[in-house]
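Below is one structure, written out as structure tokens; comments come after it.
The values are calculated or read from the model by the stated rules, or taken from the named source; none is laboratory data. All values reported here derive from a predicted model rather than from experimental measurement. Because the Cβ atoms are built from the backbone with ideal geometry, glycine has one as well, and the counts that use them run over all protein chains shown.
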Ligand code: 5AD
Ligand code: SF4
């Protein structure tokens, strides 16, 4: 996003601890100064590009953190002591402490919030430097080779610095994918645990601390979702709610069905209860999460459809914004559009990954829709009574992608008029059907296609954003610049709006902002 904003989060961490990940994100956000919102280089970035968008500082934040009472966390009693300044002293401070770094998508971000919650509730303290931690945890991503490499190189750093008695654990998708092989590649790792086993983490860590050398948790057949009464939220205003885990879609390039297992939806009553609790804590924006969020199938007798759940969440007292990601085109019905039209609290933004504009390639990818069927969904969104912003994911250089296939992806960009595109070079992944497909595209050609695609999309975004100059949007204020009177926030349609305001106490509030200028990736304006 890169706009010189100071995403200082001194009081953000609910334990008073600023996570390393947030710091890294601040640095990454600054590095991306002037770079397109379309993420291509940051291989661990989730599809929605909120890398730095949700991180901000707030005056008087502590008063909003209703759960931060000494001895409790989000209303739950803790074993240790939570000091008034937010610092948490665990039962055996120094020993029972953890450092947690997250790679990957929002699902991983949120899993880490839950993992942190589980450990905090068991008396562990979270520290911001790995060297201070008894337990060092990595929540990993394996969606593309580069993401996996990044984790191994980070693990390599610990070979040199690991201290006697420190436990190093690999969690998440890479753990599930590589399993015990991680111990072979990085023998200084002693815990390997996939997302379906996170509930057992405290017991697993206790076993390691009791002298066990290696522990694995690699179940993938659980029909539970990872629900925990204690979640340590990283963002003071926007909270994630998982509604469905895993994926049954089996796209031929994708590791997710292997790493996150089959689709499991959470009962609607439990989702709505979490929404109510968040609203009671002062959250006004929630994001419903799932790999294919709109494939939601309520396991309870209420049998709510995804659109019903959206509406019920939007109707929760105190809730002002409901986002959702990621949607699969096949399950995207008119009922979702109607819900967005009818409820201003449901954000007018849909992330609808297309992956390719060629029907032949979509068939090879096993995406279960054609170009025409996808464009029908786009037509439905473009024809909505309420303007809806659309974003997408695209893979270039899938095996067998011809010039003609690629050209069809480019023409699809013109037809769909996306507000952001997250484009990736195809990366062969273990276990996936496309691993053995013929006609691999050379790396240089993948890079060339990626460049062409991004240039085309950049033009579209320049034109689309320029048309917004003069209009007024409601913004949820999330960040403050070091420069005086400068703030940033997101519109309901998920655009970043940087703006000036004479009023200082605006963080966490909603303001009407008039757009005065535009760039390919963001808007600028002034508060009305
Ligand atoms: N290679 C490149 N990109 C991939 N994605 C998923 N698997 C791969 C892969 N093997 C992309 C898709 C998906 C996004 C989260 O990551 O575009 O929508
Ligand atoms: Fe992967 Fe396809 Fe499932 Fe998305 S829908 S997580 S791309 S298998």
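Details
- Taken together, the criteria exclude residue 239 from residues that are surrounded by fewer than 21 Cβ atoms within 10 Å (Cβ to Cβ), away from ligand 1 (no atom under 16 Å from the Cβ), modelled with pLDDT of 90 or more and under 17 Å from residue 314 (Cβ atoms).
- Some residue of the range 468-480 being in contact (Cβ under 8 Å) with a residue 60 or more places away in the chain, in contact with a helix residue (DSSP H, G or I) (Cβ under 9 Å, 6 or more places away or on another chain) and surrounded by 20 or more Cβ atoms within 10 Å (Cβ to Cβ): no
- Lone qualifier among 270, 265 - being touching a helix residue (DSSP H, G or I) at 6+ places or on another chain (Cβ under 9 Å) and under 25 Å from residue 332 (Cα atoms): 265
- Among residues of the range 289-301 being away from ligand 1 (no atom under 16 Å from the Cβ) and surrounded by fewer than 23 Cβ atoms within 10 Å (Cβ to Cβ), the one that is farthest from residue 228 (Cα to Cα) is 301.
- Residue check: residue 264 meets all listed conditions (1) more than 16 Å from ligand 2 (Cβ to nearest atom); (2) surrounded by fewer than 22 Cβ atoms within 10 Å (Cβ to Cβ) but one, namely (1).
- Residue 259 at pLDDT below 90 and under 19 Å from the mean Cα position of the chain (by Cα): no
- Some residue of the range 510-525 being more than 30 Å from residue 386 (Cβ to Cβ) and away from ligand 2 (no atom under 16 Å from the Cβ): no
- Of all residues in the range 319-344, none satisfies the criterion of being in a loop (DSSP other than H, G, I, E, B), more than 13 Å from ligand 1 (Cβ to nearest atom) and touching a strand residue (DSSP E or B) at 6+ places or on another chain (Cβ under 6 Å).
- Residue within the range 115-122 that is in contact with a helix residue (DSSP H, G or I) (Cβ under 9 Å, 6 or more places away or on another chain), touching a residue at least 24 places away in the same chain (Cβ under 8 Å) and outside any helix (DSSP H, G or I) present: yes
- Filter result for residue 275 (in contact (Cβ under 8 Å) with a residue 12 or more places away in the chain and at positive phi): no
- Flag for residue 131 being part of a helix (DSSP H, G or I), more than 16 Å from ligand 1 (Cβ to nearest atom) and touching a strand residue (DSSP E or B) at 6+ places or on another chain (Cβ under 9 Å): yes
- Residue in the range 455-467 that is surrounded by fewer than 16 Cβ atoms within 10 Å (Cβ to Cβ), within 16 Å of ligand 1 (Cβ to nearest atom) and either touching a residue at least 12 places away in the same chain (Cβ under 8 Å) or in a helix (DSSP H, G or I) (or both) present: no
- Of note, residue 278 satisfies the criterion of being in contact with a strand residue (DSSP E or B) (Cβ under 8 Å, 6 or more places away or on another chain), over 24 Å from residue 394 (Cα atoms) and either away from ligand 2 (no atom under 16 Å from the Cβ) or outside any helix (DSSP H, G or I) (or both).
- As for the range 326-338, it holds at least one residue that is under 26 Å from residue 250 (Cβ atoms), surrounded by fewer than 20 Cβ atoms within 10 Å (Cβ to Cβ) and within 16 Å of ligand 2 (Cβ to nearest atom).
- Selected residue (criterion: surrounded by the fewest Cβ atoms within 10 Å (Cβ to Cβ)) from residues of the range 405-436 that are assigned to a helix (DSSP H, G or I) and near ligand 1 (Cβ under 10 Å from one of its atoms): 435
- Filtered by the rule that a residue be within 16 Å of ligand 2 (Cβ to nearest atom), free of Cβ contacts under 8 Å to residues at least 60 places away in the same chain, under 24 Å from residue 340 (Cβ atoms) and assigned to a strand (DSSP E or B), the range 362-404 gives 392, 394.
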